[in-house]
Every structure is written in C-alpha cells, then in structure tokens.
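First up is the structure itself, then whatever we jot down about it.
Please treat every number below as a calculation from the coordinates, not as lab data. A quick note: this is a predicted structure, and the numbers were derived from the prediction, not measured. Every residue, glycine among them, receives a Cβ derived from its backbone with ideal geometry; neighbour counts consider all protein chains shown.
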Amino acid sequence: MAGPVVVAAVIIPPGNFPLMLEGVRDSKELTPQARERLLGPIYQQAIAWGVGMASHQEVDDRGLGVAIIEAICRAVAQLDPSPQFLIVDGRPLPRLPWPHRGVVDGDALSLSIAAASIVAKVTRDRLMVEMDRQYPGYAFARNKGYGTAEHLACLQRLGPCPIHRRSFAPVQECR
C-alpha cells in the first residue's frame, strides 16, 4: 500500500550453483537475517544483477501491472551481458519486450528467480526502513508498507502520507 514496486533480475552461472548460494530459495520462506546473509554471496557470484523500481506515483498513474512491467524493464536493462531470454516468476507478461517464460511459483523452482526475489525483498525492506524515519507513525520498518492490521490502524489514525499508493482501496478509504 506504500512505497515503490521493487523488482530484481539476476543471472546465475550455469551448471552447479556455487556452494555460497546454498540456502537461496523463495525470499518469503527466509528470515530477514537469512536474506541479508545471502545478499552478499548473490552479488559476488551472479554473472549480473539489476534492480528496477516503479514509484508509488507510477503505480497510481499507470496501474500496478504496468508499473511492474516498467520495474522489470529497468532491472533487466542493468544486466551486462544483456539476456536473450528471461524466466519470470508467475505467468507470462504479454507486454514484456523480451522473449520469456513465466514460471508459476518460480521463486521455489528457479535459483535465478529465488536470488532475484531476495535482492528485491532486501532492497525494498531497506528502503521502507528509511521511509519509516521520514514518515514516523506508520510502522514501515515493521510492515514494509504491506496491508497489515498495524499498518491499516496507522493509516486510519494518521491518513495517508506522501508515499502511500492513492489508487489502493484501503488508502482511498482513509483520505
């Protein structure tokens, strides 16, 4: 409900993955400490990685789906070498300008997708901790901008702050 969409792209070396990347899996299955611990080895051992963001304003102006595509494009544009084919978490994205395949539950099935999910999650979590300092009272350091009961209560009490996504119903209800 608040903050940017954050997407990452990671190219992992082919073949047997490095031992340092053992434990890389869906970021939602890892503790924040485990994600932080794995971030360095991912950066060190990946052939390339990139992070793309779409602001809360882009989400509001263009819609979440378009914002996600824009964030993916920004992440992939940072990759060197440039990929010839992408695997993406979830369903195929018709507006994505690269050949790709969608993999449902990809973060549980692909090391590259799992590594990207960790990079994106750590990046967004760090950003939301900073946003907690700029906009105290919303508990962004704990809820990371997601629609938790605590965040909804803060939103009801304080109303939206500048980084809230105004197009989201819970935010609209608190204006």
Could you put ILE12, ILE113 in order, starting from the residue whose Cβ has the fewest other Cβ atoms within 10 Å? ILE12, ILE113
For an R0 of 45 angstrom, estimate the FRET efficiency from the Cβ-Cβ distance between LEU152 and ASP105 and round to the nearest 0.05. 0.95
Computed Kirkwood radius, in angstrom, where 1/r is averaged over Cα pairs of the chain: 16.9 Å
Pick out, in residue order, every one of the GluC sites (Glu not before Pro) in the stretch 110-175 that is DSSP loop and has at most 15 other C-beta atoms within 10 Å; say none if there are none. GLU173
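Roughly what % of DSSP beta bridges within the chain run antiparallel, to the nearest 5?
Given both bridge residues lie in the chain, the antiparallel proportion sits at roughly 65 percent.
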May I ask you to list the chymotrypsin sites (Phe, Trp or Tyr not before Pro) in the stretch 42-133 that are in a DSSP loop and have at most 14 other Cβ atoms within 10 Å of their Cβ? PHE85
Sparse-neighbour loop sites [GluC sites (Glu not before Pro); the stretch 18-59; at most 16 other C-beta within 10 Å; DSSP]: GLU22
At R0 = 22 Å, FRET efficiency that the Cβ-Cβ distance of ARG91 and ARG62 yields, to 0.05: 0.70
